[in-house]
Amino acid sequence: MAQEKGNLKIALIQSALHWENPSANRKMFSAKIEQIVEDVDLIVLPEMFSTGFTMSPENIKNEEGSITLSWMMDMAANINSAVVGSIVFNEDDTHYNRLFFVEPNGKYVTYDKRHTFTLAGEHEKYTAGNKRLIVNYKGFAICPLICYDLRFPIWSRNTEDFDILLYAANWPTPRINAWDALLKARAIENMAYCIGVNRVGADGLGHNYPGHSSLYDPLGELISLSKKEEVLIVDVVKNEIDLIRNKLPFLNDRDRFSLLD
């Protein structure tokens, strides 16, 4: 298992995806995960990593969600690392863009994308979630969100003193400047590490994705960024969060509020 206490070693898998083909994507990501030579604590996959950002969930067999969840559990156990990413998931004949955070012991928790992407009609195909998720893992509080959630700072606000804000995404080339700027902004305003994992290549609808998977520190400094298909290994250091927040206790002055539907 990974390194010294207080560090989290994370593998960000930035990849092209096989369009609406879960079995091909599982096979591809299995190979990528098996090639990771370092001991990592967490593996992060893009949004809808088993299908691509499809607005035709009816093209995906209902059982594929459960099959992919079982695959995530197998991967987590085999490599002794948590695995996180979102998939098309059908439950009671309702489709969700659902993120799973799966630990090596088989335990998992879920988050349903709050802000469905209306520009693509996602709100017409997938049911939005209404609850945020905070995962406590290896001494770090992690808030995992999905793609379009990045544009909404209130939903991302650090009201629980989380350490890491994590976005799994399919963010296209024409708006990549917004991706870079918003990831940095979310890190600064929340005084937390901010991680974004995007895909590369073209999808089945002709949309292109440039990567830019990245890690920003709690002051918004860019630590790592990738523009190619690769597994990017990054480190998050708990002591750095504590040092920054003790020196600059800006979170003490944050607005207090409750979200209402």
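Every number in this text was worked out from the coordinates using simple rules, so none of it is lab data. Here the structure is a predicted model, which is why all the values come from computation and not from measurement. Methodologically, a virtual Cβ is constructed for each residue, glycine included, from the backbone with ideal geometry; neighbour enumeration extends over all protein chains shown.
Computed on the Cα trace of region 3-84, the radius of gyration divided by the Kirkwood hydrodynamic radius gives Rg/Rh = 1.00. Counting only residues at least eight positions apart within a chain, or on another chain, the aspartates and glutamates with an alpha carbon under 16 Å from that of residue 184 are 149, 163, 217, 221. Relative protection proxy for 148-161, 240-253, from highest mean packing down: 148-161, 240-253 (other beta-carbon atoms within 10 angstrom). Peptide packing for 86-97, 191-202, 164-175 was compared via the average number of neighbouring C-beta atoms within 10 Å per residue; ordered from the highest value, the list is 191-202, 164-175, 86-97. In region 101-178, the convex hull through the Cα atoms has an average projected area of 6.3 nm², a quarter of its surface area.
Dividing the summed -39500 (n - 2.57) terms of all DSSP H runs of n ≥ 4 by the residue count of the chain sets its mean residue ellipticity at 222 nm at -7000 deg cm²/dmol.
3J(HN,Hα) along region 110-117: 10, 9, 9, 3, 6, 9, 6, 7 Hz, from the Karplus curve 6.51 cos²θ - 1.76 cosθ + 1.60 with θ = phi - 60°, whole Hz, x for Gly and Pro. Sum up the charges of everything whose Cβ sits under 12 Å from the Cβ of residue 60, counting Lys and Arg as +1 and Asp and Glu as -1, but leave residue 60 out. Result for the local shell: -2. Lys and Arg at +1, Asp and Glu at -1: add these up for the other residues within a Cβ distance under 10 Å of residue 115 and post the number. Summing Lys and Arg as +1 and Asp and Glu as -1 gives +1. Label positions at residue 252 and residue 130, each projected 7 Å from the Cα along the C-beta direction, are separated by 3.7 nm. Classify region 210-261 as rounded, prolate or oblate from the Cα gyration tensor: take a ≥ b ≥ c as the square roots of its eigenvalues, call it rounded if a/c is under 1.5, otherwise prolate when a/b beats b/c and oblate if not. Taking the square roots of the gyration eigenvalues as a ≥ b ≥ c, region 210-261 is oblate. Phi angles across region 162-169 convert, under the Karplus curve 6.51 cos²θ - 1.76 cosθ + 1.60 with θ = phi - 60°, into 3J(HN,Hα) values of 6, 9, 10, 10, 10, 10, 9, 9 Hz, Gly and Pro given as x.
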